[in-house]
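Here is the structure we will look at.
Please treat every number below as a calculation from the coordinates, not as lab data. Everything numeric here is computed off the predicted structure, so don't read it as measured data. Quick reminder, even Gly has a Cβ in these numbers, built from the backbone with ideal geometry, and neighbours come from all protein chains shown.
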Amino acid sequence: MKDIYENPLISRYASRDMLALFSPDRKFQTWRRLWLALARAERALGLPISEAQIAEMEAHQTDVDYERAAYWEKRLRHDVMAHIHAWGEQCPAAMPIIHLGATSCYVGDNTDILLLRDGLLLLRGKLVSAARALVGFAAIYKDMPTLGFTHFQPAQLTTVGKRATLWLQELLMDLDELEYRLTTLKLLGSKGTTGTQASFLALFDGDHGKARRLEELIAAELGFDGVVPVSGQTYSRKLDAGVLATLSGIAQSASKFATDLRLLSHLKEIEEPFEGGQVGSSAMPYKRNPMRSERICALARYVMADALNPAFTAAGQWFERTLDDSANKRLSVPEAFLAADAILDIYRNVARGMTVYPSVIDKHIREELPFMATENILMNAVRRGGDRQELHERIRAHSLEAGRTVKEKGLPNDLVSRIAGDPAFGLTERDIEETLQPERFVGRAPEQVTEYLEEIVNPLLAQYPADGAGEELKV
């Protein structure tokens, strides 16, 4: 419908895979997975649950009747109870044991953790893919000199490939952080109303071993090596804050990359992909606006701001739980994943299709290199018998005049001809030009790129699937 608000994260930006992950169908099917895991574990530990009841639940695990669920929610004003009744109508024999001993957070919070895990896996594949695109770019351009900038003022030379390793390094920092989140992620388990497992202890007639074993069985079925050791009714909301901090880190790295590319686009040195029929401006047909990089920055800003939401939620929880987290979580967590997903898709697209303009890069180098080469010129003149202190003052004065020529008159940098025309230096223009080879001014940049890629990056990325497109998600 076009007469109501449409979320652009859904309609324009996020991938189909990420949208499916946070869909109602994924959530409610996961609830049923958890109810099945609970019933299987309770049966294995001796509760009177039959194989026929389990089989009935399995037969209707995926065919959620949303009309009946809506009917029951309207009557009961409780979404978990509504889905218990809707499933119970499909599984009349199993109805008495569905959700046995559990509270709503058993399905709600454990589902959230499963979605966090699968969302991180999907982002991990895209993060690796974007990193691989930068690896290829850095390797190709590791030797190409380019102006380095500090404060966006021309500084010593670097190489195009070396600059790409700076972007790449930040992605790998994000990858390391993401892996930490995955390896430390644990289910809530079956903790009960205030986290004491009192209801399950009662079901097992006071057998603490079985109450503890119940959680181990559930965690194993869902692919986790354990559950959180202690909790209130919910898992600590610091978990959400930590995961969104990781997504914020990805957004920060992507925005830095995209901002650099926007600046390089202004300099006409490197451009993002531009399609043959793409329109850069409705008013100015000649324009090639870096709109993909701008979109990365826009979405990144949203993720970084959104990451504050779970921090405030975690800080504001009362005792064993309150419900002021629910509405916020429904918005902040999925939307952070949708936006991060879109950011990485665009990042990968841009990194795979950047266009480099060597002639423009060389032109900018030639405009600034005489200033950067003054120390080399000075040493060359001293070796020919010149006085270092006198020549230093002369070269300083020539540099200031050449700078004024460029800035005030808009003329080319004439420092070389000024020095060549000063007999105190005893140098010809050819002598000076021989020192102005850009590759002499890039330091160890090419070697740094090679060493970084071969020693650190390639061995790390080799641990991930070759396509890097994303992990297969469990349904």
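For the chain, relative contact order (Cα pairs under 8 Å, six or more residues apart, normalised by length) works out to 20 percent. Considering only Cα atoms, the convex hull volume of the stretch 1-126 works out to 134 Å³ per residue. Distance between the modelled labels on K409 and H208, one decimal in nanometres: 9.1 nm (7 Å Cα→Cβ projection). For the stretch 306-393, the Kirkwood radius over C-alpha pairs fed into Stokes-Einstein at 10 °C and 1.306 mPa s yields D = 82 µm² per second.
Determine the gain in length on full extension of the stretch M173-H78; use 0.36 nm per residue of separation and subtract their C-alpha separation, reporting nm with one decimal.
Numbers: separation 95, 0.36 × 95 = 34.20 nm, distance 4.21 nm.
Contour length minus Cα-Cα distance gives 30.0 nm.
If each DSSP helix of 4+ residues adds -39,500 (n - 2.57) and the sum is divided by the residues in the chain, what number results at 222 nm, nearest 500 deg cm²/dmol?
Numbers: 20 runs with 294 residues, N = 475.
For the chain, the value works out to -20000 deg cm²/dmol.
Mind ranking 231-237, 177-183 by how tightly packed they are, going by the mean number of other C-beta atoms within 10 angstrom, highest first?
Values: 231-237: 20.3, 177-183: 14.9.
The densest-packed peptide leads the list: 231-237, 177-183.
With neighbour counts taken as other beta-carbon atoms within 10 Å, the residues F224, F152 rank, fewest first, as F152, F224. Between L263 and E433, the modelled label-to-label distance comes to 3.2 nm, taking each label 7 Å out from Cα in the direction of the beta carbon.
Apply the Kirkwood formula to the chain: the hydrodynamic radius equals the inverse of the mean of 1/r over all pairs of different alpha-carbon atoms; give it in Å with one decimal. The partial results should precede the final answer.
Numbers: mean 1/r = 0.0375 Å⁻¹.
After inverting the mean inverse Cα-Cα distance, the result is 26.7 Å.
Dipole of the stretch 374-435 computed with +1 at Lys/Arg Cβ and -1 at Asp/Glu Cβ about the Cα centre; of M379, T435, G403, farthest Cα towards the positive end is G403.
Based on the Cβ-Cβ distance from Y66 to R288, what FRET efficiency comes out when R0 is 41 Å, to the nearest 0.05? The partial results should precede the final answer.
Working: r = 47 Å, r/R0 = 1.15.
Given R0 = 41 Å and the Cβ-Cβ separation, E is 0.30.
Listed values for the stretch 327-341 are Karplus-derived 3J(HN,Hα) couplings in whole Hz (6.51 cos²θ - 1.76 cosθ + 1.60, θ = phi - 60°), namely 4, 5, 4, 4, 9, 5, 6, x, 5, 5, 5, 4, 5, 5, 4, and x replaces Gly and Pro.
Cut-off under 17 Å on the C-alpha distance; same-chain residues fewer than 8 positions from K210 excluded. Which lysines are left, in chain and number order? Hits, sequence-local ones excluded: K191. Semi-axes of the equivalent ellipsoid of the stretch 367-475 are 48, 18, 10 Å, computed as sqrt(5λ) over the eigenvalues of the C-alpha gyration tensor in descending order.
Against the chain, whose longest principal axis comes from its Cα atoms, helix 388-409 is set at around 70 degrees. Ordering K268, K407 by the number of other Cβ atoms within 10 Å of each residue's own Cβ, fewest first, gives K407, K268. Applying 1/(1 + (r/R0)^6) with r as the Cβ-Cβ distance of Q389 and A93 and R0 = 56 angstrom yields a FRET efficiency of 0.05. Listed by Cβ neighbour count within 10 Å, with the fewest neighbours leading, V382, V135 appear as V382, V135.
With +1 on the Cβ of every Lys and Arg and -1 on the Cβ of every Asp and Glu, and nothing else charged, how large is the dipole of the stretch 374-435 about its Cα centre, in debye rounded to the nearest 20? Please list the in-between numbers first.
On the way: 10 positive and 12 negative charges, 24 e Å.
For this selection, approximately 120 debye.
How high is the FRET efficiency from T355 to T183, r the C-beta distance, R0 56 Å, rounded to 0.05? Kindly include the intermediate steps, with their values, before the conclusion.
Details: r = 39 Å, r/R0 = 0.69.
Taking R0 as 56 Å, the efficiency between T355 and T183 is 0.90.
Sorting 332-345, 112-125, 429-442 by average packing, meaning the other beta carbons within 10 Å per residue, from highest down gives 332-345, 112-125, 429-442. If only the Cβ of Lys and Arg carry +1 and only the Cβ of Asp and Glu carry -1, the dipole of the chain around its Cα centre is close to 700 debye.
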